[in-house]
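See below for the structure under consideration.
The values are calculated or read from the model by the stated rules, or taken from the named source; none is laboratory data. Here the structure is a predicted model, which is why all the values come from computation and not from measurement. Methodologically, a virtual Cβ is constructed for each residue, glycine included, from the backbone with ideal geometry; neighbour enumeration extends over all protein chains shown. Calculation scope for accessible area: heavy atoms of the full protein, side chains included, ligands and nucleic acids excluded. Shrake-Rupley method; radii C 1.70, N 1.55, O 1.52, S 1.80 Å.
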Amino acid sequence: MSVQHVYDDGLCTQCGACAALCPRDGIDLPWDAQRGYRVVVRAEVCNDCGHCVTVCPGPGIDFSPGAWWRGGEAATPAPDFLGPWRGLWFGWATDPGIRHAGASGGVATALLQGALERGVVDGVLLVGSDPDDALATLPVLARTADEVAACRGSKYNVAAVDLLLRRVMDEPGRYALVGLPCHLHALRLAQRHSRRLRERVVFALGIFCGLTAEPRATAVAARRAGVEPSDLVRVAYRGPGWPGGLRLETSAGAVREVPYPDYYDDHVAACTPPRCRLCPDALAELADVSIGDAWLDRFTGSDGVSDLIARTEVGERLIRELEPEWLTLTEATPDDMVCSQSEAYRVKRRVFRGRLWLRGLAGRPRPHYPGVRTTPSPGDVAAGIADLTRELVYRGLGKLRYR
């Protein structure tokens, strides 16, 4: 059995773990400028060992209180949506320059640079921009503060950062991995079965995620801003300053900027990988530390503030070590966290349950999430139908208007 059926069933998260950890190097991930990575298992190489399925998060993940990835940590019991935690804060980078340059206060940059400086890690696996294709991302192994800084800012595009787990297997050291919830799901599945990955990936930084986007989303956003995608040489989705905006640079030297979230409209949101709408994990529950924008009125006009959640002893210890030199923090409550993510809650609970139900109604395979309520209410079904209808309408309009 291979992950080919996961991809063919529309359950692929495009994380890259399968290709990275295939023991026979038999999985290719060709790039599609519309949808992102395709999965191609080479039948002449594959011996049906099943290792790729073992590390694949597409079929789902266990969120129950006794889930193996919790590791017996003495964290506060996991409330629905928020997940397990040991500390909750609002925060930003103490350095004003780092704070301003980041997407939401520079917390991720400060954490990672501090971890490198203190020798907690030797390298960081994270997502950068592809210098040869403005509509693509690139997995990056950063070993210096400058290399981390070069990758800062949100990337509203699919990213196969788990491809770098191959280098972790081959190159001894202590690594941090930065990713969306799906990337961390794959990491933990891989660590469950690999002592080497457990020993070498010592810190996981999770980025809050409502939905990510296919590369076509950037092309649509560019055309709606009056820029031809083929002319693009550089794209930035957020920052500097908060909340920042979309910055499009062309080969002719022209620059077009559109504020966030104005550019992230229904046309762009329709270009979402199908698997994203079937995921309940908005706040990166499998991370050591999770971060995301603090969308609260009290922070309007600031230079960026992040929600910061320490989920494990490893994560809490690092945060404590980096405050106040690297991080400026103020304690938050569980209600603060959930309130600041009200839109993500809608997408990852009501819409998620409705879309999952609709997929089952269509007779299509669905991911499984022990520990998460998936049975929809009538309101959830209505939310799922409305979301699917909006997606189909705007996908269709996008194909007609923004080829």
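Worth pointing out:
- Taking label positions 7 Å along the Cα-Cβ direction at both Arg401 and Ser302, the computed distance is 3.5 nm, reported to one decimal.
- Per-peptide average of other Cβ atoms within 10 Å, ordering 276-283, 301-308, 131-138 highest first: 276-283, 301-308, 131-138
- Here the label points at Val255 and Ala225, each 7 Å from Cα along the C-beta direction, are separated by 1.2 nm in the simple model.
- With N counted as the residues of the chain, its alpha-carbon radius of gyration over 2.2 N^0.38 Å works out to 0.93.
- Under a model in which nothing but the beta-carbon of Lys, Arg (+1) and Asp, Glu (-1) is charged, region 115-219 shows a dipole of about 560 debye around its Cα centre.
- Helical mean residue ellipticity (222 nm; -39500 (n - 2.57) per DSSP H run of 4+; nearest 500) of the chain: -8500 deg cm²/dmol
- Given in Å, the Rg to one decimal and the Dmax to the nearest whole number for the Cα atoms of region 86-231 are 16.0, 50.
- Within the accessible area of region 219-357 (1.4 Å probe), percent carbon and sulfur: 49 percent
- Heavy-atom accessible area per residue - region 289-403, 1.4 Å, Å²: 51 Å²
- Of every Cα-Cα pair in region 281-370, the percent that sits beyond 23 Å: 39 percent
- Using a Gaussian network model of the chain in which every pair of alpha carbons under 10 angstrom is joined by a spring, one finds that among Ala294, Ala386, Ala186 the greatest mean-square fluctuation is at Ala386.
- Relative packing of 346-353, 23-30, which averages over residues the other C-beta atoms within 10 Å, highest first: 346-353, 23-30
- Solvent-accessible surface ranking, highest first, for Cys182, Cys339 at 1.4 angstrom: Cys339, Cys182
- The chain: DSSP helices with Cα axial extent of at least 24 Å and average Kyte-Doolittle hydropathy no lower than -0.5: 378-401
- Candidates Val381, Val45, Val372, ranked by Gaussian network fluctuation over the chain, Cα under 10 Å, top entry: Val45
- Cα lying deepest toward the dipole's positive end in region 1-76, options Ala19, Ala43, Ser2, charges on Cβ: Ala19
- Of all accessible heavy-atom area on region 1-106, the percent that carbon and sulfur account for (1.4 Å): 53 percent
- Tensor-based shape of region 100-150 (alpha-carbon gyration tensor, a/c under 1.5 rounded, otherwise prolate or oblate): oblate
- Long-range tail of P(r) for region 233-315 (Cα pairs > 23 Å, %): 43 percent
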